[in-house]
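Student: Just passing along the structure, written as structure tokens.
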Amino acid sequence: MEQNQETTGTTMKDVAIKAGVSTATVSRALTNPEKVSAVTRQKVEDAVIAVGYSPHSMARNAKRNESRTILVIVPDICDPFFSEMIRGIEVVAADQGYLVLIGDCAHQNRQEQSFLNLMMTRQIDGMVLLGSQVPFETGLEEQRNLPPMVMANEFAPELELPTVHIDNLTAAFEAVNHLLKLGHSRIACIAGPHDMPLCQYRLQGYIQALRRNGIALDPHYIVRGDFTFDAGARAMKQLMALPTPPDALFCHSDIMALGAMSQAKNMGLRIPQDLSLIGFDDIELSRYSDPQLTTVAQPRFNIGREAMNLLLEQLQGRPVNSGSRLLDFELKIRGSTAPSLREKV
């Protein structure tokens, strides 16, 4: 008697027959995709979707077809900024019986196929993006065939995903405005990569604060970095080599601010007497620098927690509107900023 495929689930053999290849080739294409040709890999991927195969079907919940596993994509696992966000995701996930996999996007070209295989073979139920990039090429049409996705920390309207983040533009505006109220007028900005939406918002906040106070924008005062200590140090060198160096500095991250602070000290500058310095994120390290770093505190744990809650709502079949969910930020004023010592002209 022929078995009912609905109750037994599809097998690797079904995929092999559909793709016209051996089961060994199917296995290689899914676990070591670099060992098969692009044409064969595409055949197998198409067959996987066509027959609805999951390699871990025995371990999945037969009734609901769940893996109880979530994939969290982190732009850079080495950046301490993301730790609290991941903890927020983990706490909610564990409470609801979900396992969390972490994917590092820093070496995206090598990971892309692995992420795509996880998505296509339904080994994960959903995904939380902690950056602005989906780690594989996909348009809105393809997204509809993928498990649910939520974005945390970033906001990229074109992806039309549910999103949890702060108002980066207003936060940057308030940070720069704090420096202006202290009497600083030569305020430079160490910005993050131009292709990251949150950096665009933070840069706009910097520009708007200057304009609101009648200060002309000097393009030499804007230096790009990549959210590393070294980027902050290099930017500081560049800014201090200008004919008229800045007397205050707004950085798009604490990491770059701390790199800039270290470099400033190496150059014999006193903080905050010679240079007021403000960061962004309120990572733990910012409270242990000397002096402690003035910064914008993001509710990182709550961002992670709310993103996971949004994903759970989708997994439970409740409709979730795409777009922005704003959480509050807080300007933490510490010892790295002080009133300008320059005489007012």
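Student: With charges only on Cβ, +1 for K and R and -1 for D and E, what is the dipole size of the range 210-345 about its Cα centre, in debye, rounded to 20?
Tutor: 200
Student: Oh, and also: Starting from the amide H of ARG325, placed 1.01 Å from N in the peptide plane, find each other amide H under 5 Å away whose residue is 5 or more places distant or on another chain.
Tutor: Sorted by chain and number, the residues that satisfy this are THR163, VAL164, HIS165.
Student: Then there is this: Which of THR244, ASN213, ASN177 sits closest to the plus end of the dipole of the range 151-307, meaning its Cα is farthest towards the positive end, when Lys and Arg get +1 and Asp and Glu get -1 on the C-beta?
Tutor: My answer, from the dipole projection, is THR244.
Student: Sequence-distant or interchain residues sharing an amide H contact under 5 Å with ILE102, placed H: which?
Tutor: For ILE102, the qualifying residues are VAL72.
Student: With all protein chains present, how much of the accessible area of the range 262-335 (probe radius 1.4 Å) comes from carbon and sulfur, to the nearest whole percent?
Tutor: 42
Student: From the protein chains alone at 1.4 Å, what is the descending order of accessible area for LYS13, LYS265, largest first?
Tutor: The ordering from most to least exposed comes out as LYS13, LYS265.
Student: Could you sort 76-87, 230-241 so that the peptide with the highest average Cβ count within 10 Å comes first and the rest follow in order?
Tutor: The peptides rank, most packed first, as 230-241, 76-87.
Student: Further question on the same structure: Could you report the range 149-204's accessible area per residue, 1.4 Å probe, as an integer in Å²?
Tutor: On a per-residue basis, the range 149-204 sits at 31 Å².
Student: Further question: Take peptides 151-157, 222-228 and line them up by average Cβ neighbours within 10 Å, highest first, as a rough protection proxy.
Tutor: 151-157, 222-228
The values are calculated or read from the model by the stated rules, or taken from the named source; none is laboratory data. Worth saying up front: this structure is predicted, and the values here are computed from it rather than measured. All Cβ positions, even for glycine, are placed from backbone atoms using ideal geometry, and neighbour counts span all protein chains on display. Keep in mind that these areas ignore ligands, DNA and RNA; they rest on the heavy atoms of the full protein, side chains included. Shrake-Rupley method; radii C 1.70, N 1.55, O 1.52, S 1.80 Å.
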